[in-house]
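The values are calculated or read from the model by the stated rules, or taken from the named source; none is laboratory data. This is a predicted model, so every value here is computed, not measured. Please note: Cβ atoms are built from the backbone with ideal geometry, for glycine as well, and neighbour counts cover all protein chains shown.
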Amino acid sequence: MSIFEKFFLTFSITPWTRRIAQAIQKEHKVYLWDFPRIKEPAARFENMVAAELYRTVTAWNDIGHGTFSLHFIKNNAKEPLFQRADRILFIKPFTIKYINQILGDYGISDLKTLFDYYVFTGGIPRYIDILVTNSALSYEQIVDFILETNSPFLNEGKNLLIEEFGKEYGIYFSILELISAGKTARTEIESILERNIGGYLERLEKDYSIISKHKPINAKPNSRLQKYFITDNFLNFWFRFLYRNYSAIETEYFDYIKILLKRDYSTYCGRILEKFYHELFTNTGKYNRIGSYWEKGNQNEIDLVAVNDMKKEIVVAEIKMNPSRINASILKQKSQRLLVSYPEYRPKWIGLSLKDAVHYL
């Protein structure tokens, strides 16, 4: 087996034990690097997860973020602990601050590159590892790497989701494409697809965790005023620009997508910048509630509302890629009805563009 590993055909993972010598002696689990060849779906999925975790752990060690190792757990030293775990570990995306630290290790300190990495990767360790390993350290380099023949990103959405969705993947993909293009209300999507999508939205949210449902910050639990967003930034980008123009990918007409990106990137990033600041405000630890606000018919939309109920403070923010479009007086007007729900709170109105992120890192 060592020969296979030397030629990068296989890799192995040892069982977890506190005694290193015992781990070396016990039976390893062997996986293929070329896991798409595995026919049995469950085995292929396990191999895919193992490969991604192995790559991530190796990258963390190489970059110098610590000393990490990967193991599997056995129950009573006999069987893997399938469906009998007393703790569940969710591998979350890196925070914006941590992405900034990683880029700093490569001599990158500008906010534009940090934000571009957030737009394209959403902090997913594997995507960041692929980009930095291939010296894609600017917007142009990222786009050139994603949009080239044999890029691992071109079919990522299909590879991740088609098998999960099964034969109805076309409906799911149509819904996700529309959400990525800004059709975030159920009524909007149903009017275009001309079908009821309630069940599909529920599964996308609760079973697959691909979308999330957002309501105005002061909405009641049974409020029907809600919007849907794709939680993963890369999948949002993939459906908006790659899947939507897949014929150009199939013919390798990558310049066509680059032209679309040049035209639409700034507009597309508007919503992502709002999400960017929502995360930054969350990580300050100063607010117990953070969200957005809008009224029926998308009237009086406010990009960010952060509330500290203990201190009776509320921050109302307008977020724009172009700071010249921020209008403080209009923001105050839009927030009048919102602030009726917070009569004893001290309001603060602010405008935020990308350059202001330096104060929250």
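So the values come out like this:
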read-out	value
Number of the condition not met by TYR169 [criteria: (1) among the aromatic types (Phe, Trp, Tyr); (2) touching a residue at least 24 places away in the same chain (Cβ under 8 Å); (3) within 21 Å of PHE241 (Cα to Cα)]	(2)
Helices (runs of 4 or more DSSP H) wholly inside the range 56-155 that include at least 3 residues being closer than 24 Å to PHE281 by Cα and modelled with pLDDT of 95 or more	96-105, 111-121
Within the range 335-345, tally of residues that are free of Cβ contacts under 8 Å to residues at least 24 places away in the same chain and either crowded, with 18+ Cβ neighbours inside 10 Å or farther than 24 Å from ARG224 by Cα (or both)	1
Yes/no for ILE189 being in contact with a Lys or Arg (Cβ under 7 Å, 6 or more places away or on another chain), part of a helix (DSSP H, G or I), more than 20 Å from PHE254 (Cα to Cα) and free of Cβ contacts under 8 Å to residues at least 40 places away in the same chain	yes
Residue selected from the range 195-222 under the condition in contact with a Phe, Trp or Tyr (Cβ under 8 Å, 6 or more places away or on another chain) and among the aliphatic types (A, V, I, L, M), by the criterion nearest to SER180 (Cα to Cα)	ILE211
Test result for SER174, within 21 Å of the chain's Cα centre (by Cα), modelled with pLDDT of 95 or more, hydroxyl-bearing (Ser, Thr, Tyr) and assigned by TED's automatic domain parsing to the domain that holds LEU103	no
Number of the condition not met by GLU163 [criteria: (1) in contact with a helix residue (DSSP H, G or I) (Cβ under 7 Å, 6 or more places away or on another chain); (2) surrounded by 15 or more Cβ atoms within 10 Å (Cβ to Cβ); (3) in a helix (DSSP H, G or I)]	(2)
The range 262-277: number of residues that are over 11 Å from SER353 (Cα atoms) and among the aromatic types (Phe, Trp, Tyr)	2
Any chance GLU301 is within 30 Å of GLU140 (Cβ to Cβ), among the charged types (D, E, K, R) and either modelled with pLDDT of 95 or more or touching a Leu at 6+ places or on another chain (Cβ under 6 Å) (or both)	no
Candidates TYR277, TYR243, TYR256, filtered to the one that is under 19 Å from the mean Cα position of the chain (by Cα) and more than 30 Å from GLU313 (Cβ to Cβ)	TYR243
Subset of the range 205-237 that is among the small types (Gly, Ala, Ser) and under 30 Å from PHE153 (Cα atoms) - its residue that is modelled with the lowest pLDDT	SER209
Residues of the range 104-141 that turn out to be among the small types (Gly, Ala, Ser) and within 12 Å of the chain's Cα centre (by Cα), as a count	2
